[in-house]
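The values are calculated or read from the model by the stated rules, or taken from the named source; none is laboratory data. Please read these numbers as outputs of a predicted model, since none were measured by experiment. Don't worry about glycine lacking a Cβ; one is built from the backbone with ideal geometry, like all the others, and counts go over all protein chains shown. To get the accessible areas, we keep the full protein, side chains included, count just its heavy atoms, and leave off ligands, DNA and RNA. Shrake-Rupley method; radii C 1.70, N 1.55, O 1.52, S 1.80 Å.
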Amino acid sequence: IRGTPPAEYSQSRSTRRRPPLSAIRMTALKQLARDIFHETLAGVDIPRTFERKLRLSDSRLSVAGVTINLAAYRSIRAVAMGKASAAMARGLVARLPSSIQLQGVLAAPHDALAELPGFRAIGAAHPVPDEGSFSAARAILDLLADADEHTLIFFLLSGGSSALVELPLDPNITLQDLQQLHRLLVTCGAPIDEMNAVRKHLSAVKGGRLAAIAPAAMKLSLGVTDVPQGRESALASGPTLPDPTTVADACHVIERYGLLPQLPATIRAKFEHPEAIPETPKAGDPAFARAHFVMLLGMDDLFHHARRAAEARDCVAICDNTTDDWPIEKAADFLLAELARLRAAHPGRRVAVIADGEVSSPVTGDGVGGRNSAFVLACVDKIAGKNIAVLSAGTDGKDGSSPAAGAVADGSTLDRARTAGLDPRDFFRPCDSHASFKALGDTLDTGPTHNNFPDLRLLL
C-alpha cells in the first residue's frame, strides 16, 4: 500500500482481522488519488510558481520572454486583485530584491485578506460587489494617478476581481444600482463574455481602463486563471488589456435578454442613449504601448501537473475537459465510461481519467456540501464492489458550503457506509454530501489554498 494506510486499517492484528485483499487494493487506490491531488496542488502553488517562472539576474527581471530592468524605475507599484491576490502578492514580494520599496493595493475576499509589507489590504465581496469593492477601486485609481514613464506597475490578476474591484464611470450610478445589474445579468442566462461586455462599458476599472489611467508607465500584468487561451480579457474583466467588445455589443446583450425595463433608472438611461456611453480602449491605444500580459498559471498547468503525478505512479492517464458545466449524473456516467474504455485498452495497467471544470449541482436542501462531494456521492453506487476510486475537489480548498475541498470514495464506500448505519443516498437528497464523507473519514481537508483554478476530478 502506497502512502499512509487510512485509520480503518491501522489497528493491530490482535484487535482486528486482516481485511480482504480486494479491500486493501481499493483502499490503496483511494490513497493514491489523494496523493495525486496533493501533488497537483503543490505543482500549481502560486508562490512557488513565482519563484520558478520569474528569473532575477542583478536588477533584470524576466518572465515568458519579457525582461524588465528594475533599476530603470524610480517607483515600483503593485495592484493585486482576486481570489488568489494574497498568494500572488506574497510570490512577487519574495521574488523582488529586498531593497525595493514596493507600494501596493491588495483587494481580496473578506475572509482571504493578508497583511503584506507595502500593501494596503482591502476586503471586498464576491460574487456581488459591496462597499469594499468601491473602496478597493478608489485606492487603486489613487495609486496609479501620478504614475509616469519612470513608474513600473505590476498587476496581479486572478478570478473574482470583477466583483472585488468595481467603480462606475458615472458617479450617479450607486452601489445598489450595480448590485441590481449584477443580479439581472447572472440570472438572465447570459454567458460570462456577454455579462462582461455590459459591465466593462459602465466601469472605471474594467476593459483596459486601468491601463489607460497610467498610459506612460511600464505595466506588467501576471494572470492566474482558468479562462481558455485567447480569452485573456475575460480575466478580471480585462482591466489592463484592449477590450474586444463594444458599446454596441453591450446594447445587444441588454436587448437580447429583455433587460432594459428591469434596469435601475440610472443604468437604463445609459442604454436608452448609448451614444453617451464612452467606448473602452481598443488595440492600438497608446495606453498599451508599454503594457505586457503574461499568463503565469492557466488551465493547462492543472492538467500538466495532475497527469505528471499520475504517470509517476505508473498510471496510464488521459485528460478530459468535456464535462465542464455538465449535470452531475451525466458527468459521472461519461467519465466512468471513459475510465472503462481506458482500462479495456490497457489490460493489467493502472489507469487514470483526469477532468477539470465545474459540474452543475443545483441546491435542493439545507445540508452542508458542494458540487465536488456531490459528484463523488453520485459515483458511490456506480463503483460499488469495483476496484475504482473517485476523487473530486475544489483547488481553492472549498466545496460549496462545506469546510472541505471535496471527497474521495472507492468500491468499498457503499458497504462501509451501510456498516456504519449510513446510506449515502439519504445524504444526497438534502444536499448534505459533506456529512456522509465526514462520517467515513473520506473528506479532503486542505484549508484555503489561496488559488483560483477549476475543480479537479480523478478517476482511478
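General observations
- Every pair of residues 6+ apart whose Cβ atoms lie under 7 Å, when the first sits in segment 45-67 and is modelled with pLDDT of 95 or more while the second is in a loop (DSSP other than H, G, I, E, B): Leu61/Leu54; Val63/Leu54
- Considering segment 248-358, the qualifying helices (runs of 4 or more DSSP H), each wholly inside and each with 3 or more residues that are touching a strand residue (DSSP E or B) at 6+ places or on another chain (Cβ under 7 Å) and open to solvent by 10 Å² or more (accessible area, probe 1.4 Å), run over 299-311, 328-345.
- Residue count for segment 261-290, restricted to those that are hydrophobic (A, V, I, L, M, F, W, C) and farther than 21 Å from Leu167 by Cα: 3
- Qualifying residue in segment 144-151 (condition: more than 30 Å from Gln101 (Cα to Cα), modelled with pLDDT of 95 or more and part of a loop (DSSP other than H, G, I, E, B)): no
- A single entry from Ala211, Ala216, Ala190, Ala163 fulfils the requirement of being over 11 Å from Pro239 (Cβ atoms) and not in a loop (DSSP other than H, G, I, E, B): Ala163.
- Any hit, segment 167-180, residues being open to solvent by less than 10 Å² (accessible area, probe 1.4 Å) and part of a loop (DSSP other than H, G, I, E, B): yes
- Within segment 147-158, residues that are more than 12 Å from Ser85 (Cβ to Cβ) sit with their Cβ atoms under 8 Å from residues that are modelled with pLDDT of 95 or more and among the aromatic types (Phe, Trp, Tyr), at 6+ positions apart or across chains, in these pairs: His150/Tyr73; Thr151/Tyr73; Leu152/Tyr73.
- Of all the criteria given as (1) farther than 30 Å from Arg307 by Cα; (2) at pLDDT 90 or above; (3) not basic (Lys, Arg), the one not satisfied by Asp366 is (2).
- The set of residues in segment 219-247 that are part of a loop (DSSP other than H, G, I, E, B) and more than 25 Å from Ala86 (Cα to Cα) comprises Gly230, Pro242, Asp243, Pro244, Thr245, Thr246.
- Segment 109-121: number of residues that are more than 20 Å from the chain's Cα centre (by Cα) and open to solvent by 40 Å² or more (accessible area, probe 1.4 Å): 4
- Among the criteria (1) at pLDDT 90 or above; (2) touching a Leu at 6+ places or on another chain (Cβ under 7 Å), the one Thr395 does not fulfil is (1).
- Those residues of segment 127-152 which are open to solvent by 60 Å² or more (accessible area, probe 1.4 Å) and of a type outside the set (A, V, I, L, M), in sequence order: Pro127, Glu131, Arg138, Asp142, Asp146, Glu149
- Every listed requirement among (1) open to solvent by 20 Å² or more (accessible area, probe 1.4 Å); (2) within 26 Å of Asn321 (Cβ to Cβ); (3) modelled with pLDDT under 90 is met by Asp381 save one, (3).
- When Ala89, Ala84, Ala124 are screened for being more than 16 Å from the chain's Cα centre (by Cα), open to solvent by less than 10 Å² (accessible area, probe 1.4 Å) and touching a residue at least 60 places away in the same chain (Cβ under 8 Å), only Ala89 passes.
- Which numbered condition Val224 fails, given (1) open to solvent by 30 Å² or more (accessible area, probe 1.4 Å); (2) touching a Ser or Thr at 6+ places or on another chain (Cβ under 8 Å); (3) touching a residue at least 60 places away in the same chain (Cβ under 8 Å): (1)
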